[in-house]
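Asker: Structure provided below as structure tokens; questions to follow.
Nothing in this text is a laboratory measurement; each read-out follows from the coordinates by a stated rule. Given the structure is predicted, the values throughout are model-derived calculations rather than measurements. Note: ideal-geometry Cβ built from the backbone for every residue, glycine included; neighbour counts use all protein chains shown.
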Amino acid sequence: MNVRLFVAVEITEEIRKKLAGLQGELKRVDADVGWVVPENLHITLKFIGTLDEEKIESVIAIIKDTAVHIKPFDLHYHGVGAFPTEKNPRVIFADVIDTDGALAKIHERLDNQFMALGVEHEDRKFSAHLTVGRIKTRRNIRRLIENLNSYQGFDFGSDRVAQVVLMKSDLLPKGPVYTKLRCVDFV
């Protein structure tokens, strides 16, 4: 059986609540946005995609091998933005400040090692962020971006990252459901 997988960093409940507050304010604009439910907010380190369930132990072994070389580190959540540009936004995000570059290092190691399992190598540069919404249409987009820009300097907080999580993603009509399969601690 096939499963859809990704490797993520979870965020604290405090930061989750602040991001839910941001979403609440932006929802007032009535733009056509698919908002990420607060319990699903996370930082994706590596989207693996669909793999045979029998490969999960190999995936976990790769994650453990990567985690051995990483010490716990701090992240800061500050400001917001839109991908790819504010003129043509498709994704609304909160910025993740990783001064040590730990997330990019983990991503690169995972990306390189997962190729052995047939997972496609990512050509685009890794950009640490928290997706809070995906824009569906251009309805009220200008007002959305204006409201978003009022949060440019907003400080959502900081936290210490001590593990990564292998997540399973089930795509359902009401939205994705994420299930933790394994947490791997940094040492």
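Asker: From the list 123, 98, which residue is surrounded by 15 or more Cβ atoms within 10 Å (Cβ to Cβ) and out of contact with any helix residue (DSSP H, G or I) (no Cβ under 6 Å at 6 or more places or on another chain)? Walk me through how you get there before you give the answer.
Answerer: Working: 123 fails: surrounded by 15 or more Cβ atoms within 10 Å (Cβ to Cβ).
After applying the criteria, what remains is 98.
Asker: Starting from residues that are of a type in the set (Lys, Arg) and under 21 Å from the mean Cα position of the chain (by Cα), keep the ones in segment 141-169 and report whichever is farthest from residue 80 (Cα to Cα). Outline the logic, then answer.
Answerer: Initial filter on segment 141-169 (of a type in the set (Lys, Arg)): 142-143, 160, 168.
Next, only the ones that are under 21 Å from the mean Cα position of the chain (by Cα) stay: 160, 168.
Numbers: 160: 20, 168: 27 Å.
Once the filter is applied, the top-ranked residue is 168.
Asker: Evaluate the following for residue 74: is it in a loop (DSSP other than H, G, I, E, B), closer than 22 Å to residue 155 by Cα and either among the β-branched types (Val, Ile, Thr) or out of contact with any Pro (no Cβ under 6 Å at 6 or more places or on another chain) (or both)?
Answerer: Values: in a loop (DSSP other than H, G, I, E, B): no; closer than 22 Å to residue 155 by Cα: yes; either among the β-branched types (Val, Ile, Thr) or out of contact with any Pro (no Cβ under 6 Å at 6 or more places or on another chain) (or both): yes.
In short, no.
Asker: Kindly indicate whether residue 187 is buried (at least 18 other Cβ atoms within 10 Å of the Cβ) and either on the phi > 0 side of the Ramachandran plot or not hydroxyl-bearing (Ser, Thr, Tyr) (or both). Break it down into steps so the answer makes sense when it comes.
Answerer: Working: buried (at least 18 other Cβ atoms within 10 Å of the Cβ): no; either on the phi > 0 side of the Ramachandran plot or not hydroxyl-bearing (Ser, Thr, Tyr) (or both): yes.
The answer is no for residue 187.
Asker: Looking only at segment 13-34, filter to residues that are touching a Gly at 6+ places or on another chain (Cβ under 9 Å) and surrounded by 16 or more Cβ atoms within 10 Å (Cβ to Cβ); which one of those is farthest from residue 95 (Cα to Cα)?
Answerer: The residue in question is 31.
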